[in-house]
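Data first, discussion second: the structure below is written as structure tokens.
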Amino acid sequence: MRASQLYFPTLREPPSEAELISHKLLTKAGFIRRVAMGIYAYLPLGYRSLEKIARIVREEMNAICAQEIFMPALHPANLWEETKRWDECDEILFKLRDRQERPFCLGPTHEEVVTDLVRRDVHSYRQLPIILYQIQVKFRDEPRPRGGLMRAREFTMKDAYSFDKDEDGLEKSYQAMVRAYKRIFYRCGLRAIPVEAEAGVIGGTENLEFMVLSDSGEDKMLICSSCGYAANQERAERRKPFEEPINMYHQDTMLPLEKVFTPNRKTVAQVTDYLGVSAEKLVKTLIYIADGKPLAVLIRGDAELNESKLRRLLGVPNVRMADPDEIRGLTKADVGYSGPIGLSGVEMIADYDIAEMRNFVTGANEDDHHFINVNWGRDFEVTRFADLRFAKDGDGCPRCDSGLLHLRNCIEVGHVFKLGTKYSDSMNAKFVDEDGVERPFIMGCYGIGVSRILAAVVEVSHDEDGIIFPITVAPYELWMIPIDMNDDDIAGAAECLYSELIQAGVEAVIDDRDERPGVKFKDADLIGAPIQIIIGRTYKERGCIEVRLRRDKKPSLVSAKEALGHILQLRSTLYEELMPRD
RNA sequence: CGGGGCGUAGCGCAGUUUGGUUAGCGCGCCUGCCUUGGGAGCAGGAGGUCACCGGUUCAAGUCCGGUCGCCCCGACCA
């Protein structure tokens with residue numbers, strides 16, 4: 001491609017609306033343009049990179065015998081009503097009507113459509129397993145799109161769906177997908193870490209998020225520095241911080257229990273302020289209703305209960321906070337004055353933090369009063385200690401003896417789920433098994449944010465001059481800069497090498513514009529093609545061209561004769577580096 | 001949806017507080033000269049519904065009301 005004909009409107013300054021570095025650079029380098037909030041057009045360079053990513057995804061999907069299909073973006077409402085998600089996902093669905101007033105939505109994901117497809121045509125275990133995938137544009141009316149491609153309302157995603165006859169089959173499909181995902185991210189130059197996650201609204205059991213560490217990421221994960229355990233913030237467990245049995249009877253350190261007047265002080269901040277103590281000296285007593293039974297959850301004042309952990313611990317589906325009336329019924333006091341002392345017949349579950357606390361503050365189960373110098377074991381009994389709060393930076397790793405968890409920002413680039421029968425049940429998608437019995441498909445679903453990968457690559461691979469693309473994702477592999485196209489020697493040598501490169505199948509751009517060298521260098525660095533070729537002074541003086549990598553910029557001089565071979569060698573080395581070995 | 005901010009040339013911004021000639025600046029763009037190893041220089045030039053609608057006024061980019069768009073923080077997020 002000739003730069004004089006390439007549509008790559010670079011900007012000297014990015015639009016002020018851009019916040020993230022990837023948004024700024026992709027806009028500045030002429031890869032994308034915003035069309036509306038969270039909606040972007042890809043210009044030639046951006047589209048080439050996007051397609052490169054899509055191609056890698058395709059190759060790896062095909063390699064595990066997933067089969068590419070292409071489903072509609074426009075979905076009839078009735079499919080979404082079958083799974084109840086027409087209402088459940090109401091906020092993010094783009095809904096519209098056809099001329100007959102029939103309701104439709106733009107697909108935010110395709111479980112409904114693919115399950116409908118498969119239930120129509122797959123009737124026997126003999127046809128299983130099946131993995132179908134597509135690379136499609138998705139629509140989600142995000143409450144707050146931001147960061148350019150990072151969280152858009154229209155974005156490109158690879159979504160795959162597996163259909164198996166049993167759990168073993170699902171496990172195989174799932175593991176194949178995990179392996180393929182690792183290869184995909186590796187080939188894109190991303191170091192993606194699989195982390196344990198909560199399943200969320202999509203349902204199902206086991207699932208992994210693939211996270212790329214980046215300070216600008218919106219997600220948070222905890223990662224162990226010594227054993228590599230990683231989980232997202234919602235899922236991350238922590239090591240029990242004490243040895244059992246716990247000996248609490250250090251009588252000498254316990255102060256006498258005392259009830260204090262705390263008029264109208266209900267929140268942690270109000271109470272600690274009023275009593276002049278820090279939040280770490282207070283224990284919050286949260287009243288929950290689990291399967292209709294009330295229970296008390298004790299959490300240190302500065303921490304936050306992770307409801308998913310509570311739910312997992314109790315093992316019952318219906319867990320919710322008690323409402324103010326229920327709380328008054330149980331504690332005889334307002335919300336804000338609940339405490340463990342005198343709550344009889346109620347299970348008392350305490351976070352690990354509480355085990356090591358002495359002489360703390362709790363509500364007194366009486367309006368406008370708290371207790372100070374409370375000690376569990378002496379003043380009330382704890383039914384059990386458990387890991388209940390969100391893990392935080394510095395907590396002990398749950399999987400090894402010495403490691404500490406570190407809280408890191410990250411970008412979610414992929415997610416794999418074991419769905420089980422959530423969709424096949426609600427949509428009545430069944431096959432006949434070997435034994436003649438009808439069973440629902442055991443499903444899995446697997447997503448990769450294709451457009452988000454592009455943003456993530458830029459986010460983790462850039463410098464002050466622009467993007468540093470891995471060769472696999474770069475819009476062009478090579479960018480050639482003839483210093484002066486009006487100089488016949490230089491132009492001649494450049495054109496000659498350029499046609500050799502094109503002949504050899506290299507994706508090359510020759511910057512044949514009548515621009516000053518500085519402009520060409522700046523654009524080349526901004527766009528970030530991995531290999532740069534400079535033809536100028538050294539060619540005039542010594543017959544050498546300069547070959548350099550965008551990532552280190554140190555040029556090596558090569559004679560014009562040897563240039564092509566040298567470049568081809570360099571190029572294959574760059575690809576080699578991004579080839580996974582597993 | 002709550003809080004805050006912004007909208008003036010392709011991009012970045014000044015001007016709005018205190019209404020008053022023909023609305024400015026930098027970059028970019030066009031023409032010419034000159035220049036050619038990191039966004040040169042000189043000269044000339046084009047480009048505006050001051051987001052939109054309505055109101056106040058002799059007079060509105062500026063004041064008032066409404067609408068739309070965009071950004072940030074929060075709530076939310078398969």
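Segment A:376-468 holds strands (runs of 3 or more DSSP E) entirely within its bounds, and those carrying 3 or more residues that are of a type in the set (A, V, I, L, M) map to A:405-420, A:442-449.
Scanning segment A:467-500 for residues that are near RNA strand B (Cβ under 8 Å from one of its atoms) and either acidic (D, E) or at pLDDT 95 or above (or both) yields a count of 3.
In segment A:7-50, the residue that is farthest from A:G147 (Cα to Cα) out of those that are more than 26 Å from the chain's Cα centre (by Cα) and away from RNA strand B (no atom under 13 Å from the Cβ) is A:Y7.
Checked across segment A:59-72, the condition of being acidic (D, E), touching a strand residue (DSSP E or B) at 6+ places or on another chain (Cβ under 9 Å) and farther than 18 Å from A:G449 by Cβ holds for no residue.
So, A:M480, is that one in contact (Cβ under 8 Å) with a residue 24 or more places away in the chain, in contact with an Asp or Glu (Cβ under 6 Å, 6 or more places away or on another chain), outside any helix (DSSP H, G or I) and outside the structural domain of A:P44 (by TED's automatic domain parsing) or not? So A:M480 fails the test.
With a requirement of 3 or more residues that are under 29 Å from A:F242 (Cα atoms) and of a type outside the set (V, I, T), the helices (runs of 4 or more DSSP H) lying completely within segment A:284-369 that satisfy it span A:307-314, A:352-355.
Count, please, the residues in segment A:90-124 that happen to be buried (at least 19 other Cβ atoms within 10 Å of the Cβ), in contact (Cβ under 8 Å) with a residue 40 or more places away in the chain and not β-branched (V, I, T). Selection size over segment A:90-124: 6.
Scan segment A:169-188 and give yes if some residue there is assigned to a loop (DSSP other than H, G, I, E, B) and either hydrophobic (A, V, I, L, M, F, W, C) or modelled with pLDDT of 95 or more (or both), otherwise no.
Within segment A:169-188, one or more residues are assigned to a loop (DSSP other than H, G, I, E, B) and either hydrophobic (A, V, I, L, M, F, W, C) or modelled with pLDDT of 95 or more (or both).
Restricting attention to segment A:313-325, and to residues there that are of a type outside the set (S, T, N, Q) and either surrounded by fewer than 16 Cβ atoms within 10 Å (Cβ to Cβ) or within 22 Å of A:L257 (Cα to Cα) (or both), which single residue is farthest from the chain's Cα centre (by Cα)? Here the answer is A:D325. Against the definition (touching a residue at least 12 places away in the same chain (Cβ under 8 Å), among the hydroxyl-bearing types (S, T, Y) and over 27 Å from A:E577 (Cβ atoms)), how does A:S451 come out, yes or no? Judged against the criteria, A:S451 is not a match. Pairing each residue of segment A:311-337 that is small (G, A, S) with any residue that is assigned to a loop (DSSP other than H, G, I, E, B), provided the two are 6+ apart or on different chains, yields C-beta distances under 8 Å for A:A333/A:A364; A:A333/A:N365; A:A333/A:E366; A:A333/A:D367; A:G336/A:R265; A:G336/A:K266; A:G336/A:T267. Condition check for A:L564 on (1) surrounded by 12 or more Cβ atoms within 10 Å (Cβ to Cβ); (2) within 14 Å of A:I471 (Cα to Cα); (3) not hydroxyl-bearing (S, T, Y): one failure, at (2). Restricting the search to segment A:281-309, which residues are farther than 17 Å from A:G339 by Cβ and either charged (D, E, K, R) or surrounded by fewer than 14 Cβ atoms within 10 Å (Cβ to Cβ) (or both)? Result: A:D291, A:G292, A:K293, A:D302, A:E304, A:E307, A:K309.
Of all residues in segment A:328-345, none are aliphatic (A, V, I, L, M) and under 30 Å from A:I21 (Cα atoms). For A:E515, the criteria (1) assigned by TED's automatic domain parsing to the domain that holds A:I567; (2) buried (at least 18 other Cβ atoms within 10 Å of the Cβ); (3) out of contact with any Phe, Trp or Tyr (no Cβ under 7 Å at 6 or more places or on another chain); (4) of a type outside the set (G, A, S) hold in every case but one, which is (2).
The values are calculated or read from the model by the stated rules, or taken from the named source; none is laboratory data. Here the structure is a predicted model, which is why all the values come from computation and not from measurement. A quick note on method: Cβ atoms are made from the backbone with ideal geometry, for glycine too, and the neighbour counts reach across all protein chains shown.
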